[in-house]
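The structure appears right after this line, and notes come after that.
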Amino acid sequence: MVERLDMQIQYCFSGLTIDDFEITRVDLTKDIHGIPEDKITQYIRIMRQLYLTLGFHHNKKLEENTEDFDPDSSFNAVNDSKKVEFVVYNKGHEVRSKKNSSDEQKEHYKDTMRVEVRCRKKFADKLSEKVYTAQKLVEIYRKRMEVIRDVFDDVFVLNKDSCFISPYWQKKQIKKYVSGKTKLGEKMNDLSKQLAHASRPTMENVIENSEKCQRSVSKLLSKFEDMGISSVTTSDKETPFLQSLNTLFGFSPPSEEEKALYEYIRSKSRGKEVFWYGGDL
């Protein structure tokens, strides 16, 4: 592809090659096919609520300046100092919304979640030490999955290894975990209830509006991490279980705790859809 691009540049701009141009932006993508759109929506809603690391924030400028922006179809976390943006969106929805999309494109991207890292010049320059632009592009392409995973780890400190379960199962798992420690169970349930409110606030909003200090909330979040479940529950009561972001994106195999909880809820959920992507466990 780099060679074809080089030929096209020489055709359009006599005397120039790809190495005469400087990289100002690189988009690295990973498409995950076969995820039903209602599950993509749930994951995006969940990601918009999760706690983002210092330096990353929701791309408010994009949301405010995009007339038809749909918060259920796109998650955008940007780091202004690093000049990098982590994006997850419903690719099928995007393709359908474009008037010039072909039927083949619509079919190909049906039920597809796209994970994307958008690198501006400052960030892209650090991805390769090669001198020539063509070499830089090849090196960045070869390490693209590693880069996407590393940026993902930078965006989400918490919850990336934790699965998501319904409010009903959340209460049952908390009760089992606290084992008689009533006050701890009440605090954990209260945090999940706040996050499951109709407006579905972000973790930052909950911390800001909480009477407890951030340190107290962080301690509660660490308890959820110990359990292997997120403090954010699924938004659809008919979906009792969603696997962790880490395993959904293919960045790591499922933990034994996650597999065990999946099997347990599947056996007890009376026919409700327990979602797992990536084949049999």
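The values are calculated or read from the model by the stated rules, or taken from the named source; none is laboratory data. All of these numbers come straight from a predicted model, not from anything done at the bench. Cβ: placed from backbone, ideal geometry, glycine included. Neighbour counts: every protein chain shown. Keep in mind that these areas ignore ligands, DNA and RNA; they rest on the heavy atoms of the full protein, side chains included. Shrake-Rupley method; radii C 1.70, N 1.55, O 1.52, S 1.80 Å.
Relative contact order of the range 54-177: 19 percent, from C-alpha pairs under 8 Å at least 6 residues apart in sequence.
Farthest towards the positive end of the charge dipole of the range 31-144, among the residues T41, F86, S102, is the Cα of F86, using unit charges on the Cβ of Lys, Arg, Asp and Glu. For the range 77-86, the Karplus equation 6.51 cos²θ - 1.76 cosθ + 1.60, evaluated at θ = phi - 60°, returns couplings of 10, 10, 10, 5, 6, 7, 6, 9, 10, 9 Hz by residue, with Gly and Pro reported as x.
Post the alpha-carbon centroid distance, the range 80-154 to the range 179-193, in whole angstrom. Each part reduced to its Cα centre gives a spacing of 40 Å. Taking label points 7 Å from Cα along the Cα-to-Cβ direction, Q105 and L62 give a separation of 1.9 nm.
The slack in the chain from S218 to N205, taken as 0.36 nm per residue of separation less the alpha-carbon distance, amounts to 3.3 nm.
Each stretch of four or more DSSP H residues adds -39500 (n - 2.57); spread over every residue of the chain, this sum gives -14000 deg cm²/dmol at 222 nm.
Neighbours of D6 by Cβ distance under 14 Å: Lys/Arg scored +1, Asp/Glu scored -1, total -1.
Calculated accessible area for the chain comes out at 57 Å² per residue, all protein chains present (probe 1.4 Å; ligands, DNA, RNA ignored).
One compactness figure for the range 159-251 is 1.04, namely its Cα radius of gyration divided by 2.2 N^0.38 Å.
Were the residues from E146 through Y11 laid out at 0.36 nm apart, the gain over their Cα-Cα distance would be 45.2 nm.
Extension gain for the segment V157 to E3, taken as residue separation times 0.36 nm less the Cα-Cα distance, is 51.5 nm to one decimal.
Look at where the Cα atoms of the range 249-263 and of the range 1-55 average out, and the two centres are 28 Å apart. Under 20 Å of direct C-alpha separation, and excluding same-chain neighbours fewer than eight residues apart, K183 reaches these aspartates and glutamates: E211, E225, D226. Separation of the alpha carbons by more than 23 angstrom is noted, of K176/K259; K160/K219; K82/K106, for K82/K106. Using the Cβ-Cβ distance between E257 and K122 with R0 set to 51 Å, the FRET efficiency works out to roughly 0.85. As a length-normalised measure over Cα pairs under 8 Å and 6 or more apart, the relative contact order of the chain settles at 20 percent.
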